[in-house]
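Quick notes on the structure that follows.
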Amino acid sequence: MSPSVAARLAGVVFVGSIFQVSAISSVRVLGATPDLLLVVLVSVALVRGALAGAIAGFAAGLIVDVATLGTLGLVALLLTLAGYWAGRYGETTGRDRAYAPLLAVIAITALYGIAAYVLTFMLGEPVSARGALLPVLPGMLLNAVLAYPVHTAVRRLVGGGERTQRAREVELLV
Amino acid sequence: MLGVSVRRPAAGRFPSRSTTALRRRVVVGALVVLALVLITFSFRQSEDGPVASAQGAAASALRPFEIAAERVAQPFRDAYAWVDSLFAARSDAKRLKEENDQLRQRVIQNQFAVRENARLRGLLDFRDGPAYPRDYQGLGASVIARPAGAFAQAIVVAVGAKDGVAVNAPVVTEDGLVGLVTRVTSSTARVTLLTDEQLAVSALDVNSNAAGVVRHGRASAATLILDRVPKEAIVEVGDTVVTAGWRSSKLASLYPKGIPIGKVTSVGQTDTDPYKQVQVTPFASLSALDAVLVLVRKAESLP
């Protein structure tokens, strides 16, 4: 990954994180809040691969944890795993599939919601299953709406040509 | 293929797949461990520990960016809030309309209850008053139906045989005589009104004591006539007509004596008719009855 792409990637993650915590988190549609950061992260991971996805997820999660003065590392852990899984999906099954962004966003939104609930519960913080899991379904819908526009924008910003995990060499067995 | 020269990649320029996978796993594992360490520190340290202090400092550093992002997003949020308020206004209008309908129904019910209360209070006053026949028991009853059709001068009330109501029981309101029970079921009774053609009541002019029979008027369904009044009897406009309540050795009037029926509104006579033509307007508003008293003769007063 070239330094310019890395810088743009960092910028996208930073701006996405800041907008998520400051502007978008207060918007409620259909009882849920759209998670622009998660959609950005899934797109980054699909475009740049699992490693970039995991690092971007960790950084974005850390910004969210810091900015919201929450449990440090909690969102970072979740977004690290989300970025990694989205990247692996993009490198394997979802490679060059047109529906990959949509499918990845829907699946990871659901898994993210459930994992966040489980992790919060395991940490001993009071959390209502109904309050935590009920917004997952409308959240999936909202994030699905964002999936293609965000993916297009992210691909233009940080695409940079080839994927990290695409075959870049040919080995012939003789 | 043997004999074919293959250009191999320069060592170290592209990492092999296994190396890449290993590096990826190591980095992700390290990030996960780091996140877990941060969580652990975040939980174990107090509010003024180094991790919390670092978090606070970083949050302060991020604050200007958050404010900037908030300002950038504010117009979009305002636009969204405006659209959302439109939907909310529509739903509010719908909810308020439903509430308004419910309240209107409640107001109508309250008005009806107030009117019914006044009627029942009037009936109670009448029952305790001097005009009430002492050898009768009054059963208060709501009017539950009015047979359809202009020719059916009757009502259905919500008392019946199980309440002690029998056929030919007089029915009154606090204003005066209404009619007679002509059909009884276990819980309801049909009351034929004074304005029905089949009903006739022996009556007296209170002032002159002139006797006659009150029955339906020919002019309109709402008026009555006092028939069979001799020409020599004195009846004047404004006189009050009450039930005669006669009793012979074997027979007795169906109606108790002295129940107000109506007021004389016109008196006339012709050479060809042996009786006066006396028109009476009933005291009871027979077209707007809500509650009535069915008079049931007390057991000790039965002949």
Angle between chain B longest axis and helix B:50-128 axis [Cα atoms, degrees, rounded to 10]
10
Output wanted: per-residue J couplings in Hz (rounded whole) for segment B:161-167, from phi through Karplus 6.51 cos²θ - 1.76 cosθ + 1.60, θ = phi - 60°, x for Gly and Pro.
4, 5, 8, x, 7, 10, 4
Counting other chain Cβ atoms within 10 Å of each Cβ in B:20-32 and taking the mean gives 6
Tally of Lys pairs whose C-alpha atoms are under 30 Å apart, taken over the protein assembly as shown, 8 or more apart or cross-chain
13
Work out Dmax and Rg for chain B from the C-alpha atoms and quote the Rg first, both in angstrom.
46.2, 153
Where is the GNM fluctuation largest for chain B (alpha-carbon springs, 10 angstrom cutoff): B:Gly56, B:Gly179, B:Gly29?
B:Gly29
Counting only other residues whose beta carbon sits under 11 Å from that of B:Ser187, what net charge do I get with K and R as +1, D and E as -1?
0
For chain A, return all DSSP H helices satisfying: extent of Cα atoms along own axis at least 30 Å; mean Kyte-Doolittle hydropathy at least 0.0.
A:100-122
Projected area averaged over all directions for the convex hull of the alpha carbon atoms of the protein assembly as shown, nm², comes out at 45.6
Net length gained if the chain between B:Thr272 and B:Ala288 were fully extended (0.36 nm per residue, minus Cα distance)
2.0 nm
Any idea which of A:Ile108, A:Leu72, A:Gly159 is furthest toward the positive side of the dipole for chain A, if Lys and Arg beta-carbons carry +1 and Asp and Glu beta-carbons -1?
A:Gly159
In the neighborhood of A:Gly87, defined by Cβ-to-Cβ distances under 9 Å, what is the net charge if each Lys or Arg adds +1 and each Asp or Glu adds -1?
+2
If I take the Cα coordinates of segment B:136-301 and project them onto the principal axes, what are the three extents in Å, biggest first?
51, 40, 23
Across B:80-87, the residue-averaged tally of Cβ atoms belonging to other chains within 10 Å stands at 1
Using only the alpha-carbon atoms, what does segment A:3-158 span along each of its principal axes? Please give whole angstrom values in decreasing order.
42, 29, 27
List the extent of the Cα atoms of segment B:21-128 along each of their three principal axes, largest first, rounded to whole Å.
100, 37, 35
Highest-first arrangement of A:84-95, B:65-76, A:135-146, where packing means the average Cβ count within 10 Å:
A:84-95, A:135-146, B:65-76
For peptide B:64-77, how many partner chain Cβ atoms fall within 10 Å of a residue's Cβ, on average?
4
Degrees separating the helix B:17-44 axis from the principal Cα axis of chain B, which is the longest one:
60
Hey, what number do you get for chain B at 222 nm if only DSSP H runs of n ≥ 4 count, each worth -39500 (n - 2.57), divided across all residues, to the nearest 500?
-13500 deg cm²/dmol
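Laboratory data are not the source of any read-out in this text; all were calculated from the coordinates shown. Computed from a predicted structure; not experimentally measured. Reconstructed Cβ throughout: ideal geometry from the backbone, glycine too, with neighbour counts over all protein chains shown.
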